[in-house]
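Every number here is computed from the coordinates shown, using simple stated rules; none is lab data. Keep in mind it's a predicted model, so treat the numbers as computed, not measured. Cβ sites come from the backbone with ideal geometry, for glycine too, and all protein chains shown count toward neighbours.
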Amino acid sequence: MKYRQIVWGECPSDWENAKLGELVQKENRAYTPESGSIPTVCSISNTKGFTKSEEQFDKQVYSDELEGYSVVKKGEFGYNPSRINVGSIAQLKHQNEVLISPMYEVFSVDESRLSPAYFSHLINSPQMLSLFDAYSEGSVRQTLNFSNFSEIPVVLPPLSTQNEIVSVLDPINQSLSNIRKQRELTSQLKSNLFNAFISGELTGSETETRRLGPVERTVPQDWPTYKLGEISNVKRGASPRPIGEYMGDAVHWVKISDMSGTKYVENTKERLISEGKEESVFVESGTVILSISATVAEPAILGIDGCIHDGIVSFQNVIDDVLPEFLYYSLDGMKERLASKGQRAAGNQSNINSSIVKNSELVVPPVSEQKQIIQLLNKIDSWRSKETDKQQLWSDLYESVASDLLSGQVRKHARRV
């Protein structure tokens, strides 16, 4: 079999070179009150696809007036023009009809040429994510309008080959999905245990009802409540400007992406030159930190010395009555409460300020009780870490196999042998 050079590189000669505009059709259905019952309002996540908006943002962020929202029917696709380059594009698979913000683009595919199941894998491939980024435009925030989306080139195998590829990738993707669900259940178990501990259910203490922020909670009577600003010096990070002039290899540069899904930050993707330390906020190993921008209210403990980004606050000089690990688990338990106070900035990015963090309250049990819950939660974290490693292995496997299959590399190599 001969191979020809196209945008994606070499591919089998029976694969055609096409543009997305030849394979998809934009859908323009606006919801009206006369449409009948109100469907579920969704957002499109880069990890979960179509997700109920309240689950995605922990509160209602859409207007009560839904007229003009876009209607998406089962089998159709949608994407967020401002976040498609990080994977916020998905097919509606499990509901008959939902509403999404009119800022999203909605489209269907020509099933005589393109399998929806195949396209679901294709849109998450590294090649497509790079193309989404390349075809996006904007000076402040890059967006991909439908006109540019339609110009993106793809390589399209015959339908029979598409179905063969789906039969290989679907089982791997399902295994990956099962692991993610298990991690979510483990996280929920951890949250339930911490809440039961703070409410006194696990200690048998005399309790009382106490207001913590916007909610009332049952807590042991003899456990005091403090504001975070009372038990520590809450200090926001700083980013040297212009950042490009301070990049180097001398000092760890802790960003929100380094904190994702981990209790301890043991390394960073980027570092600063020595002079960058003077223009940022240097924090020592063992300090608890919290994200306040983009992915808000994610806590971590530094396992290294380093400078922190301006989207992070640190808790320094914590009083002796609060152990660092207990502070970490308390912040993890306060995640939804803190995130609900976030303000959405341009591009739908959420932020909370230092004042909100300082005035947020936590219940402080005796140190001996803190050690007990830390020991229990550490065991759950250890199990969750194993699940994370397993998820990464399956994710790497999927990306490797998908990259070869979706570009025709596996067939090409097999033919050459």
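Remarks
- Each residue of segment 313-320 was assigned a 3J(HN,Hα) from its phi angle through the Karplus expression (A = 6.51, B = -1.76, C = 1.60, θ = phi - 60°), giving 10, 10, 10, 9, 6, 5, 4, 5 Hz with x at Gly and Pro.
- Subset of K227/K386; K235/K379; K93/K379; K73/K386; K52/K341 violating a 26 Å alpha-carbon distance limit: K227/K386; K235/K379; K93/K379; K73/K386
- Projecting the alpha carbon convex hull of the chain along each direction and taking the average yields 23.9 nm².
- Remark on E208: its backbone amide H falls under 5 Å from those of V219, Q221, a criterion applied only to residues 5 or more positions apart or on other chains, H modelled at 1.01 Å from N.
- When only Cα pairs below 8 angstrom with a gap of at least 6 residues are kept, segment 224-364 shows a relative contact order of 33 percent.
- Amide H contacts for S45 (H built 1.01 Å from N in the peptide plane; partners 5 or more residues away or on another chain; cut-off under 5 Å): F50, T51.
- Segment 111-214: C-alpha gyration tensor shape, a/c 1.5 cut-off, then a/b vs b/c: oblate
- Estimated from helical segments only, the mean residue ellipticity of the chain at 222 nm is -10500 deg cm²/dmol, where each DSSP H run of four or more residues counts as -39500 (n - 2.57).
- For peptides 93-103, 208-218, 252-262, sequence by mean Cβ density within 10 Å, most packed first: 252-262, 93-103, 208-218
- Anisotropy class assigned to segment 15-156 is prolate, per the alpha carbon gyration tensor with a/c at or over the 1.5 cut-off and a/b larger than b/c.
- 5 angstrom amide H check on D310, placed H, neighbours 5+ away: A238, S239
- Debye log10 I(q)/I(0) at q = 0.14, 0.18 Å⁻¹ for segment 224-364, Cα point scatterers: -0.61, -0.99
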